[in-house]
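Below is one structure, written out as structure tokens; comments come after it.
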Amino acid sequence: MKTLFTSLLFLIGSAGIAQAPTKSAPAKTAAKPAEQAPTQNSSATVLTEKQKELCKEWTLSKTENFGDQHDPTEKQKNDRLLLLADGHYRLILNGVVEGGTWTLDKSNVWLTLTNGIGEVKKFKILESTPTSLKVDYRDEIDIHNILYYTSGPAPSKGK
């Protein structure tokens, strides 16, 4: 019984030692951060041409509901969409301001806005030129709203 108990302790101890990191491993890790810096920089998001084209301030110019076009209402008169190259956005929709991060899917159709508390808005891009953007947005009661945006001048850094 003693031999069995001693053998079991030896096996458990050997397994524990075999799994322990060696002292040379941290030295290799400590030497690599300078080498890894370019890798970290290269992992920064590279924008596609379409994403670059969208990175500007867009001002709501018209809305469309059930085929009827309208000028922005009093509540919508200052509505804007600002898409930044760092992946952040600021949206004023029906007078309500929010911000967060944005992504564009690989097909360049779905613009996804995720605010700071995780709520998602999806805009389907129907048309896009360097100066105009037409999107379909389904509101909270699932009604299609076609929003027409025009691009304005790029905002200054102070804003």
For the stretch 141-150, take each phi angle, set θ = phi - 60°, evaluate the Karplus expression 6.51 cos²θ - 1.76 cosθ + 1.60, and give the result in whole Hz per residue in order, putting x for glycine and proline. 9, 6, 8, 5, 10, 8, 10, 10, 10, 10
Each residue of the stretch 94-101 in order: what ³J(HN,Hα) in whole Hz does its phi give by Karplus 6.51 cos²θ - 1.76 cosθ + 1.60, θ = phi - 60°, with x for Gly and Pro? 6, x, 9, 9, 8, x, x, 10
Prolate/oblate/rounded call for the stretch 69-122, Cα gyration tensor, a/c under 1.5 rounded: prolate
For the pair N78 and L47, what calculated FRET efficiency results from E = 1/(1 + (r/R0)^6), where r is the Cβ-Cβ distance and R0 = 25 Å, to the nearest 0.05? 0.35
Packing-based order for 136-145, 104-113, 86-95, using average beta carbon neighbours within 10 Å, highest first: 86-95, 104-113, 136-145
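Values quoted throughout were computed directly from the atomic coordinates according to the rules given, and no laboratory measurement underlies them. Just so we're clear, the structure is a prediction, and the values are computed from it rather than from any experiment. Note that each Cβ is placed from the backbone with ideal geometry, even for glycine, and that neighbours are counted across all protein chains shown.
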